[in-house]
């Protein structure tokens, strides 16, 4: 088993740059990825004061000092992969803060290696409470 912490969510340099720009403009942020179709399947960036995390959400980690949440049901599909948040040209989700920038956040993923999976089994996600 690996002794090094395994991140469930990471960000590319392009995503970090965009997050920092949005934080400078809007203050503290949070990400939420709920699953489903259309905007719900994209990572959505909100002002921390404008989104209420629910009791069925899990905290996957932090990217650029910003918490990243996902619905527990969606996590069931993604738990074996590391999420890699990127920023690419395009329109963000309807309510996501990056929409006017000409960039959008995009989730990529990779499967964990066996040693990473073993470490993660001993370090479960943080379940939110209402």
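The values are calculated or read from the model by the stated rules, or taken from the named source; none is laboratory data. Bear in mind that the values here come from a model prediction, so they are computed numbers and not experimental data. Ideal geometry is used to build each Cβ from the backbone, glycine not excepted, and the neighbour counts take in all protein chains shown.
Tabulated data for the structure shown
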item	result
Search result, residues across region 54-84 that are within 13 Å of the chain's Cα centre (by Cα), within 13 Å of residue 30 (Cβ to Cβ) and part of a loop (DSSP other than H, G, I, E, B)	64, 65
Some residue of region 117-128 being at pLDDT 95 or above and farther than 14 Å from residue 6 by Cα	no
Filter result for the condition that a residue is surrounded by 15 or more Cβ atoms within 10 Å (Cβ to Cβ), outside any loop (DSSP other than H, G, I, E, B), in contact with a helix residue (DSSP H, G or I) (Cβ under 7 Å, 6 or more places away or on another chain) and at pLDDT 95 or above, over 15, 87	87
Selected residue [exposed (fewer than 14 other Cβ atoms within 10 Å of the Cβ), touching a residue at least 40 places away in the same chain (Cβ under 8 Å) and more than 18 Å from residue 109 (Cβ to Cβ)] from 47, 55	55
Qualifying residue in region 23-41 (condition: at pLDDT 90 or above, out of contact with any helix residue (DSSP H, G or I) (no Cβ under 8 Å at 6 or more places or on another chain) and closer than 18 Å to residue 124 by Cβ)	no
Filtered residues of region 21-30 (kept if surrounded by fewer than 14 Cβ atoms within 10 Å (Cβ to Cβ) and part of a helix (DSSP H, G or I))	24, 25
Near pairs, Cβ below 9 angstrom, 6+ apart or cross-chain, from region 116-130 (within 17 Å of residue 59 (Cβ to Cβ)) to any residue that is loosely packed, with under 10 Cβ neighbours inside 10 Å and modelled with pLDDT of 95 or more	none
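One line per residue, one yes/no per condition, for (1) out of contact with any strand residue (DSSP E or B) (no Cβ under 7 Å at 6 or more places or on another chain); (2) at positive phi:
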residue: 35; (1), (2): no, yes
residue: 42; (1), (2): no, no
residue: 56; (1), (2): no, no
residue: 60; (1), (2): no, no
residue: 80; (1), (2): no, no
residue: 92; (1), (2): no, no
residue: 109; (1), (2): no, no
residue: 116; (1), (2): yes, no
residue: 119; (1), (2): yes, no
